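Step one of this worksheet: look at the structure below.
Nothing in this text is a laboratory measurement; each read-out follows from the coordinates by a stated rule. Quantities reported herein were computed from a predicted structural model and do not represent experimental measurements. Every residue, glycine as well, gets a Cβ built from its backbone with ideal geometry; the counts of neighbours run over all protein chains shown.
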Amino acid sequence: MASARSAARWHWKTPSVIPGFGLTLGFTLAYLTLIILIPLAGLAWRSASLGWSDFVRLVLDPRTLGALKVSFSTALIAAVVNVIFGVVTAWVLVRYNFPGRRIVDAIVDLPFAIPTAVAGIALTAIYAPNGLLGSHLAPLGIKVAYTPLGIIVALIAIGLPFVVRTVQPVMQEISREVEEAAASLGASRLQTIFRVILPGLTPAILTGFALALARGIGEYGSVIFIAGNIPFVSEIAPLLIVIRLEEFDYGAATAIATVMLVISFLMLFLINFIQAWSRRRFGHAQ
Amino acid sequence: MEIRVEKIRKEFDLYPALHDVSLKIESGELIALLGPSGSGKTTLLRLIAGLEQPTLGRIFFGEEDASYKTVQERNVGFVFQHYALFRHMNVAQNVAFGLTVRPRHQRPPKAEIRRRALELLDMMQLTGLEKRFPNQLSGGQRQRVALARAMAIEPRVLLLDEPFGALDAKVRKELRRWLREFHDRTGHTTVFVTHDQEEALELADRVVVMSQGKIEQVGSSDDVYDRPNSPFVFSFIGESANLPVSVIDGTVHFHGQSTGLAAQRDGEAHLFFRPQDVSLVEEGPGLSGPVTSSRRLAGTRIAEVELGSAKSPCHVEIEVPLDASVSNGTTLAFRPTRWKLFY
């Protein structure tokens, strides 16, 4: 009996010559519980106290649905754009040596560092109809500031480093030889990029996409300045939560938050699943 | 396909990697580029492949000037030291890659591509592994996949860059023999780079010995081993001893003593000989000195002898009969039976 139990224990606890599994796992769980799980449980508890019919009514409120739609669609578009530009930026930084490369490399991280409100105000100043770029775009009929397009621009600025920083190290590891092998087999440059290099980067690109998307969904500071915050058009869900809080309507605030939480979790879970699949598929399983 | 390299010069950032190298590779030949690292052997191979562009000089594939053709246009099979397999493709997809990227009008139908990939894998003794991914294969299997992939495009010439360098000794030996058989069966013109002289001498029809961006000697294994034409080749290939000597009146003198070896031209020179090409002498002129160490090496005994004055001693290793009594301090006298002087 005792031996069976210890065998089962060993099966569960990965045997490793490096000690510390119990300690680190315990620390991780405690940490996650204190920082993430308890606050989120409080949120769920609070919204559960609403009662089912109230919850459904609050969530299906047209203004709430509009805000959720704006939040998720802009974050999705911005993440897709960031994947394209992030991969190009990473490529330039990894592949070419040019004067000022290190400065460009540092600039990529700036969106991490500057307060998001500053980024939002700066973007608004530039893209407003009387701004530096906005004044040139206005005659073309393109309005950026105070529209969903403005939200997308802000989210692109905020999310870019996530894609660059996840793709860059993996790209660095692609050996020149693999590209030379493709070329010697007759592949053109484009064929090499699309059939050899990019498939190898897929897991990293997906990670960057997931991070940029998650950040975009939750982004508040930069967006509220450039968005114009017109209900049903350019009002994001996080802002609506704040508005509800300011109206002391805590129930509505937690209901919106809970819905965002569930959708975000499902999306990230799906992306993780695709990622695991592509890792296996593309042979990074080791 | 016959390949001619004419006065190729290659500079990297003004640092010359190859100085005016010329070489003719016969059709169907298996040829080795041998040299220490930094000798330019890999650069020469990459120039033939088109992975580098020459600074000066020309490269001909048959009668066609291929000097400035791209690697895609040259239709060469290139095998890298670290395999360079596409890790997101399985073995069959790797092998078929060269065919699937062809323009539509030159591309064989899907079934035909698959048939050819499987046929090549069969030839490489990789049957049944076509669904595996590269990271599920051993080093030797990966290198055979790389070779199959290179062969799939029916290359005009097969170029291998240290193909066995990353493999362990046993697999290396197996693959070496296997490559020789493969070459004899298919008759492809094959050039391979190696820094392992044993590999070059065993495998190649002809060996190109390179040093510091120049070709030192081109010849068969017997040529470069038995008739080296420069001090570098003599000391690089096999074991050898090297003594500073002077030729006086047609006789080679070492430290003022006659060695009994005759030479044509007087002057300062270096005497080269191999450890096994000596005979012990009882009397008469020769080289002599105390034994400083000796060791048994398989079927032979090697003695290290100190020659010259105590101030500037020269240590040489010679092969002595197994039954010879050599202990540290006994004086040995010997004379090289095959030797060469470089002035």
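Summary of values
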quantity: Exposure proxy order (Cβ contacts within 10 Å, fewest to most) of B:R149, B:R58; calculated: B:R58, B:R149
quantity: Under the span-like rule (Cα at least 18 Å along the axis, Kyte-Doolittle mean at least 1.0), DSSP H helices of chain A; calculated: A:62-95, A:148-173, A:198-218, A:250-281
quantity: For B:T330, residues with placed amide H under 5 Å, excluding near neighbours; calculated: B:V291
quantity: Phi-based couplings in Hz for the range A:221-234 (Karplus 6.51, -1.76, 1.60; Gly and Pro marked x); calculated: x, 6, 6, 4, 7, 8, 6, x, 6, 8, x, 6, 10, 9
quantity: Sorted by Cβ density within 10 Å, fewest first, the residues A:S135, B:S288, B:S294; calculated: A:S135, B:S288, B:S294
quantity: Virtual spin-label span in nm between B:K69 and A:I193, 7 Å along Cα→Cβ; calculated: 2.6
quantity: Per DSSP, loop chymotrypsin sites (Phe, Trp or Tyr not before Pro) in the range A:166-243 with at most 14 further Cβ within 10 Å; calculated: A:F232
quantity: Cross-link pairs beyond the 25 Å C-alpha cut-off, checked among B:K131/B:K173; B:K24/B:K214; B:K7/B:K69; B:K24/B:K69; B:K170/B:K340; calculated: B:K131/B:K173; B:K170/B:K340
quantity: B:H270 long-range amide H proximity, modeled H, under 5 Å; calculated: B:V245, B:F342, B:Y343
quantity: Built amide H within the under 5 Å cut-off of B:V157, gap 5+; calculated: B:G77
quantity: In sequence order, calculated HN-Hα J values of the range B:187-204 (Karplus, 6.51, -1.76, 1.60; Hz; x Gly/Pro); calculated: x, 6, 5, 10, 10, 10, 9, 8, 10, 9, 5, 4, 4, 5, 5, 6, 8, 8
quantity: Likely footprinting exposure, B:F78, B:F86, fewest C-beta neighbours within 10 Å first; calculated: B:F86, B:F78
quantity: Per-residue average of Cβ from other chains inside 10 Å of B:130-136; calculated: 2
